[in-house]
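Okay, so here's the structure we're looking at.
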Amino acid sequence: MMELWAQITVGALALVLALLLPLVARPLLARAGVLDVPNARSSHTMPTIRGMGITTAVALSVAIIVAVFLPQTGATNQGVATLLVIFAVVLAASTIGWLEDIRGLSVKVRAGLQLSVGGLATAAVALIDPGQQQLWLIPAGAIAVAAYVNVTNFMDGINGISGTHGLLVGGFYAYAGLTTAHAWLVYVGIAIAMSFAGFLPWNLSRNKVFLGDVGSYLLGASIAVTAMCAFLVGVPVEYIFSPVLIYLTDTFVTFLRRLLAGERWYVAHRQHVYQRLTIVGLSHVQATAVVSLATILVSLLGVTAAQGGEVAQILATAAGFIVVLAYLRTPTFFQKLLRKREQKTGFIHGTDENL
């Protein structure tokens, strides 16, 4: 019972801070002129306040620090140390994103800082567990963290998508922590989920605001380093990988398509699956719902694969690939569906007019 109340405390603290801090931050960001100006990749048309991810970063940081001092976490020094590493990554990634929002960073500097954060975090995790002191882990972790930071940055293009992603991935990671008896993972998962849930009302309101790079970097780095720490302590890969599979697939397929077409992959564009969904006629909320539903289905299948026997694992994995392939085809599906609806509506209107 005490552990449950501790988890509720962490979640409530993250949620309340994420909901209330924008009241203070929004006027300050507006006065500072921290605006997101539409470009070729944007799905919005008006300059909008960005950088609100700084409040999400504060909410997540405070929740993690509180978790450090909870008795259940302190049962093992490894749990406390892991939380402190994740806290440090949250601060570092948020700072890099904030600098990008305020003054901009060159591609080389940005990539170098992201790789450094990932490498140092991996080295710190390896020091926590003597059994993980293998040199190859450091470059692998550096690339993993930097890569997912960029994935979440690329995918942060419509209202609701990043906040919902944080909510879902954090929730599934918290469940993974409960199932595998890793208290630190439960707390981090809850903190991520509630911090980004608190941002959603601001992002979806009439006078919406954006996370900015500070928020997308925070989202990518917190998920990546949590996944890396979970992997190194033996959490089944299905728990770790399945919640981020849709984001990874969308980014990789889009990158590959542009590469094969001879396009410059780093130039702003609107070719991601979620962006094409809005182009064919879905609203931001509807497109976010499609991405989220696919993420939930794949994650549930990942849980089934992790907890079931060999047959269940094979069937769940196969079903997961089917969901991913179906997601990649959703723009075509909705384009045909909406076109048929328009044709049907037009036919009915024409009939009415003739009558």
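A few remarks follow.
- Restricting the stretch 223-255 to residues that are over 13 Å from the mean Cα position of the chain (by Cα) and among the aromatic types (Phe, Trp, Tyr), the residue that is surrounded by the fewest Cβ atoms within 10 Å (Cβ to Cβ) is PHE252.
- When the stretch 96-113 is limited to residues that are free of Cβ contacts under 8 Å to residues at least 60 places away in the same chain and in a helix (DSSP H, G or I), the one that is surrounded by the fewest Cβ atoms within 10 Å (Cβ to Cβ) turns out to be LYS108.
- Subset of the stretch 284-293 (residues that are under 14 Å from the mean Cα position of the chain (by Cα) and surrounded by 19 or more Cβ atoms within 10 Å (Cβ to Cβ)): THR288, VAL291
- Some residue of the stretch 252-269 being within 30 Å of LEU200 (Cβ to Cβ), modelled with pLDDT under 95, polar (S, T, N, Q) and not assigned by TED's automatic domain parsing to the domain that holds LEU178: yes
- Among the residues listed as THR295, THR249, the single one being assigned to a helix (DSSP H, G or I), within 26 Å of VAL117 (Cα to Cα), touching a Leu at 6+ places or on another chain (Cβ under 9 Å) and not hydrophobic (A, V, I, L, M, F, W, C): THR249
- A search for C-beta distances below 6 Å between a residue of the stretch 157-183 that is buried (at least 24 other Cβ atoms within 10 Å of the Cβ) and any residue that is in a loop (DSSP other than H, G, I, E, B) and acidic (Asp, Glu), counting only pairs 6+ apart in sequence or on different chains, returns SER162/ASP156.
- Condition met for TYR148 (assigned to a helix (DSSP H, G or I) and within 21 Å of ALA306 (Cα to Cα)): no
- Among the residues of this structure, ASN159 counts as one that is in a loop (DSSP other than H, G, I, E, B), touching a helix residue (DSSP H, G or I) at 6+ places or on another chain (Cβ under 6 Å) and of a type outside the set (Ser, Thr, Tyr).
The values are calculated or read from the model by the stated rules, or taken from the named source; none is laboratory data. This is a predicted model, so every value here is computed, not measured. Here the Cβ is made from the backbone with ideal geometry for all residues, glycine too, and neighbour counts use every protein chain on show.
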